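**Student:** Take this structure, written in structure tokens, and hold onto it; I'll ask about it next.
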Amino acid sequence: MRALFLTLALSSAAMAAEPLPIIPQPRSVDLADGSCKLSGDIGISAADSLKNEAAYLGARLKNGLGLAVSLDRGGPIKLSIAPGLPPEGYRLRITPQGVAIEGGDSAGLFYGIQTLLQLLPVQVYGSYSPKQGMLEIPIVAIEDSPAFPWRGLHLDSARHFMPKVFVMKLLDLMAIHKLNRLHWHLVDSEGWRLEIKKYPKLTQVGQDQPAWYPGEDPTDHSIKAGFKYGSFHGGGFYTQDDVREIVAHAAKLHIEIMPEIEFPAHAMAMFTAYPEFSTTGKVPVVKSNHSPDLINVDEKSINFLKDILDETMALFPGKWIHFGGDEAPKGQWKQSEFVQKRIKELGLKSEDELQSWLFGQMAAHVAKKGKVAVGWEEITHGFLPEGAVVMPWLSMDTAAKVANSGHPVILCPVGPLYFDSYQTTDPTDNQALYKGPFTLRAVYQFNCDLNNVAADKRGNIWGAQAQLWTELMPKPEHVEYQAFPRSAALAEALWTTADRKDFKSFQQRLVRHVERLDVMKVNYRKLEAGAPISWSKETISPGRKDLVLEGPVGLDLQPGAYEATPGYQDGGFGLWFDRIELVADGKVIASDAHRGFTGSNPKDAVYKLVVETAVPKGSKVTLRAFADSHEGTDSTGEIGFRKVK
Ligand code: ACM
């Protein structure tokens, strides 16, 4: 029997050099001995132009830690702007005398504050706690700025309405991860969620339908999720006052919200309310994600769209506005005499070009108010209007081509950035899904530097965002489960330069980071304990029935139920496992022996390990797995391990 002992991050040497629990990892961290102690009524000094940032920090110290804070009389916490620093960059210096944060701009200062918060007790993220009388902060000098300017999340409030308080919470969560763009998918076939005063029927459609169906509730694993495309999911919309409130909250957090008003397709709700603006003039009947219904291109339909965009632009002060453009089958335009006539009159060659023309008309309309139009990958199918920003989701080759052609690109690839995908092959985890597994590690390793983009065009890749489509995520807690902690990995993939990324260090920091999510009451997916075991063709020897994989478990084991889940990531075939056990100081303390298969169709690959008594601190605890490598020797995978109760 040959034991493959995989060396993982939490060795005692690594523990000694445990990194500061900052996520995303800064560009440089210079840690010194000693600490800064602040007590009494702590003064925060800032110029008037930085009052928003000072108030944010003051509120966290007061509400989270129960400290007394003064904002108007100077003091040991000094906030300022240093024009030499890069946009969104900051310098944070903690000395025995106090804290100084300088930002390249107010956003940079805000991110410096976020880093400072990560050096404080995790209660700083909560509501009033009377416990702390004094702050003790390590002496450190940090210089930092982001690798990419677009660090986004997308939220689909159309398929299932997401309440205002949840959108606010998601913004708070984005801010602590230094994510700065929320792409808000507000309209789709299943619901129109934005109040448009001129067209009130838009938000009336489907309100009498249930907000979700029992069969879609992913918390009930006995019922297979069965989303019905094209069925209205009523139960809510945002009034214009709601939107103003959300946008104001986002602005305080240095997050820009980009609304999406989708055309020419994904529009059954729109045409059910106002069939007169559709190509057929009729209420849609085909219930499908690829609904055939398209907007008409006559003057009244175009003015209808412009009216909607005018009200939308008045609500969202940001620069970008998204026009959708994805998944628009062209059948209705092909069959419409009127549309065919328009194509000829306009000198266009195809329906794809008509979509480009329509996009261009609307882009020109919003440009009058200084806005820039954004669209999904499909807007490249005809011709791209000058200045349009593209979000490729299907092909990174297209992304590279678009960037090389001079257009800005924001990467949204399905794998690994569609977070409506499952996170492991553990069948109890497949709450939502669409595809997968797109693991925490895969998200962490996501790299925006596409190697087929010319060196002088790399600046056209603005960054990336993860998508939270909600067809199969009816409730906020499901969105939280899918988004966290993967959004922490996304944050580091976009903020931290490639040379500073290190998954093992990230996993160590994440153990502390999820305590912040606990304080913020986030239903995140529980971490795998310590670093999991991983395998690849380099580490498994073929044709063995008795392959042993073993790696240290990085958490104290308390009595309770744990799960080990070998998950295949890629390769021609998965591995079989026969037994997985927990070993403490050489003694097996829990074991589950059964045959389980990893692979794209996993079978029984969940191993239940029940720990009866607490394992003494300092014990050497490992997870040991017995695999059969007659097949699957070209596979790659990892064994997750986590507490389930
Ligand atoms: C998309 O997933 N249809 C952009």
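**Student:** Looking at (1) under 24 Å from GLY281 (Cα atoms); (2) surrounded by 21 or more Cβ atoms within 10 Å (Cβ to Cβ), can you tell me which one LYS330 breaks?
**Tutor:** Tallying (1) under 24 Å from GLY281 (Cα atoms); (2) surrounded by 21 or more Cβ atoms within 10 Å (Cβ to Cβ), LYS330 fails exactly one: (2).
**Student:** For a quick check of your reading of the model, give me the residue pairs whose first member lies in the stretch 362-379 and is within 13 Å of GLU260 (Cβ to Cβ), whose second is in a helix (DSSP H, G or I) and within 16 Å of the ligand (Cβ to nearest atom), with beta-carbon atoms closer than 7 Å and at least 6 apart or on different chains.
**Tutor:** Within 7 Å, the pairs are ALA373/PHE359; GLY375/PHE359; ILE379/PHE359.
**Student:** So if I check each of GLU515, GLU528, which one is open to solvent by 10 Å² or more (accessible area, probe 1.4 Å) and touching a strand residue (DSSP E or B) at 6+ places or on another chain (Cβ under 6 Å)?
**Tutor:** Details: GLU515 fails: touching a strand residue (DSSP E or B) at 6+ places or on another chain (Cβ under 6 Å).
The match here is GLU528.
**Student:** Taking the stretch 608-618 as the region of interest, how many residues are surrounded by fewer than 18 Cβ atoms within 10 Å (Cβ to Cβ), touching a residue at least 12 places away in the same chain (Cβ under 8 Å) and part of a loop (DSSP other than H, G, I, E, B)? Show your work before the answer.
**Tutor:** First, the residues of the stretch 608-618 that are surrounded by fewer than 18 Cβ atoms within 10 Å (Cβ to Cβ): 608, 610, 612-614, 616-618.
Right, trim to touching a residue at least 12 places away in the same chain (Cβ under 8 Å) and you get 608, 610, 612-614, 617.
Then keep just the ones that are part of a loop (DSSP other than H, G, I, E, B); that gives 612-614, 617.
Selection size over the stretch 608-618: 4.
**Student:** A further question follows. Among the candidates TYR481, TYR444, single out the residue that is at pLDDT below 95, assigned to a helix (DSSP H, G or I), under 13 Å from the mean Cα position of the chain (by Cα) and not aliphatic (A, V, I, L, M). Break it down into steps so the answer makes sense when it comes.
**Tutor:** Numbers: TYR444 fails: at pLDDT below 95.
Of the residues listed, the single one that is at pLDDT below 95, assigned to a helix (DSSP H, G or I), under 13 Å from the mean Cα position of the chain (by Cα) and not aliphatic (A, V, I, L, M) is TYR481.
**Student:** Which one of these does ILE533 not meet: (1) aliphatic (A, V, I, L, M); (2) at pLDDT 95 or above; (3) open to solvent by less than 10 Å² (accessible area, probe 1.4 Å)?
**Tutor:** Here ILE533 meets the rest and fails (2).
**Student:** Looking only at the stretch 553-571, which residues are under 17 Å from LYS620 (Cα atoms), in contact with a Leu (Cβ under 8 Å, 6 or more places away or on another chain) and either of a type in the set (A, V, I, L, M, F, W, C) or loosely packed, with under 15 Cβ neighbours inside 10 Å (or both)?
**Tutor:** Selection gives VAL553, LEU557.
**Student:** Sort through GLY574, GLY543 and tell me the only one that's at pLDDT below 85, surrounded by 13 or more Cβ atoms within 10 Å (Cβ to Cβ) and not polar (S, T, N, Q).
**Tutor:** Values: GLY543 fails: surrounded by 13 or more Cβ atoms within 10 Å (Cβ to Cβ).
Answer to the check: GLY574.
**Student:** Let me ask another. In the stretch 598-607, is there at least one residue being modelled with pLDDT under 80, in contact with a strand residue (DSSP E or B) (Cβ under 9 Å, 6 or more places away or on another chain) and open to solvent by 60 Å² or more (accessible area, probe 1.4 Å)?
**Tutor:** yes
**Student:** For the stretch 128-135, indicate whether the set of residues that are open to solvent by less than 10 Å² (accessible area, probe 1.4 Å), in contact with a helix residue (DSSP H, G or I) (Cβ under 8 Å, 6 or more places away or on another chain) and at pLDDT 95 or above is non-empty.
**Tutor:** No - not one qualifying residue is present in the stretch 128-135.
**Student:** Six or more apart or on different chains, Cβ atoms under 7 Å: show the pairs whose first residue is in the stretch 308-332 and touching a residue at least 60 places away in the same chain (Cβ under 8 Å) and whose second is among the aromatic types (Phe, Trp, Tyr) and within 16 Å of the ligand (Cβ to nearest atom).
**Tutor:** Once the first residue is touching a residue at least 60 places away in the same chain (Cβ under 8 Å) and sits in the stretch 308-332, its partners that are among the aromatic types (Phe, Trp, Tyr) and within 16 Å of the ligand (Cβ to nearest atom) give PHE323/PHE263; PHE323/PHE359; GLY324/PHE263; GLY324/TRP376; GLY325/PHE359; GLY325/TRP376; ASP326/TRP376.
**Student:** Mind checking which helices (runs of 4 or more DSSP H) fall wholly inside the stretch 297-400 and carry at least 2 residues that are at pLDDT 95 or above, more than 16 Å from the ligand (Cβ to nearest atom) and aliphatic (A, V, I, L, M)? Walk me through how you get there before you give the answer.
**Tutor:** Working: elements: 299-315, 331-335, 337-345, 351-367.
So the answer is 299-315, 337-345, 351-367.
**Student:** For the stretch 452-471, name all the residues that are surrounded by fewer than 22 Cβ atoms within 10 Å (Cβ to Cβ) and either within 16 Å of the ligand (Cβ to nearest atom) or part of a helix (DSSP H, G or I) (or both).
**Tutor:** ALA455, ASP456, LYS457, ARG458, GLY459, ASN460
**Student:** Continuing with the same structure: Hey, among ARG486, ARG500, which residue is touching a strand residue (DSSP E or B) at 6+ places or on another chain (Cβ under 9 Å), surrounded by fewer than 19 Cβ atoms within 10 Å (Cβ to Cβ) and basic (Lys, Arg)? Walk me through how you get there before you give the answer.
**Tutor:** Details: ARG486 fails: surrounded by fewer than 19 Cβ atoms within 10 Å (Cβ to Cβ).
Just a single option satisfies the conditions, and that option is ARG500.
**Student:** In addition: How about the stretch 125-174: which of its residues are under 22 Å from PRO485 (Cα atoms), in a strand (DSSP E or B), among the aliphatic types (A, V, I, L, M) and in contact with a Lys or Arg (Cβ under 9 Å, 6 or more places away or on another chain)?
**Tutor:** LEU153 - this is the single residue of the stretch 125-174 that is under 22 Å from PRO485 (Cα atoms), in a strand (DSSP E or B), among the aliphatic types (A, V, I, L, M) and in contact with a Lys or Arg (Cβ under 9 Å, 6 or more places away or on another chain).
**Student:** Take the residues of the stretch 411-434 that are open to solvent by less than 10 Å² (accessible area, probe 1.4 Å) and at pLDDT below 85: which is farthest from the ligand (Cβ to nearest atom)?
**Tutor:** Taking the candidates together, the pick is ASP426.
**Student:** Then there's this: When you scan the stretch 42-118 for strands (runs of 3 or more DSSP E) that lie fully inside it, which ones turn up with 2 or more residues that are among the hydroxyl-bearing types (Ser, Thr, Tyr)? Before you say what the answer is, go through the steps one by one.
**Tutor:** Values: elements: 68-70, 77-81, 90-95, 98-103.
The qualifying strands (runs of 3 or more DSSP E) are 90-95.
**Student:** From (1) over 24 Å from TYR422 (Cα atoms); (2) modelled with pLDDT under 90, pick out the condition that doesn't hold for PRO566.
**Tutor:** Every condition holds for PRO566 apart from (1).
A quick yes/no check of all residues on (1) in contact with a strand residue (DSSP E or B) (Cβ under 7 Å, 6 or more places away or on another chain); (2) surrounded by 24 or more Cβ atoms within 10 Å (Cβ to Cβ):
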position: ALA251; (1), (2): no, no
position: PRO259; (1), (2): yes, no
position: GLU262; (1), (2): yes, yes
position: MET270; (1), (2): yes, yes
position: THR280; (1), (2): no, no
position: VAL285; (1), (2): no, no
position: SER288; (1), (2): no, no
position: ASP293; (1), (2): yes, yes
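**Student:** Out of PRO408, PRO437, I need the residue that is at pLDDT 95 or above, away from the ligand (no atom under 16 Å from the Cβ) and in contact with a strand residue (DSSP E or B) (Cβ under 7 Å, 6 or more places away or on another chain). Which one?
**Tutor:** PRO408
The values are calculated or read from the model by the stated rules, or taken from the named source; none is laboratory data. Given the structure is predicted, the values throughout are model-derived calculations rather than measurements. Don't worry about glycine lacking a Cβ; one is built from the backbone with ideal geometry, like all the others, and counts go over all protein chains shown. We work out accessible area using only protein heavy atoms, side chains counted, and drop any ligands, DNA or RNA first. Shrake-Rupley method; radii C 1.70, N 1.55, O 1.52, S 1.80 Å.
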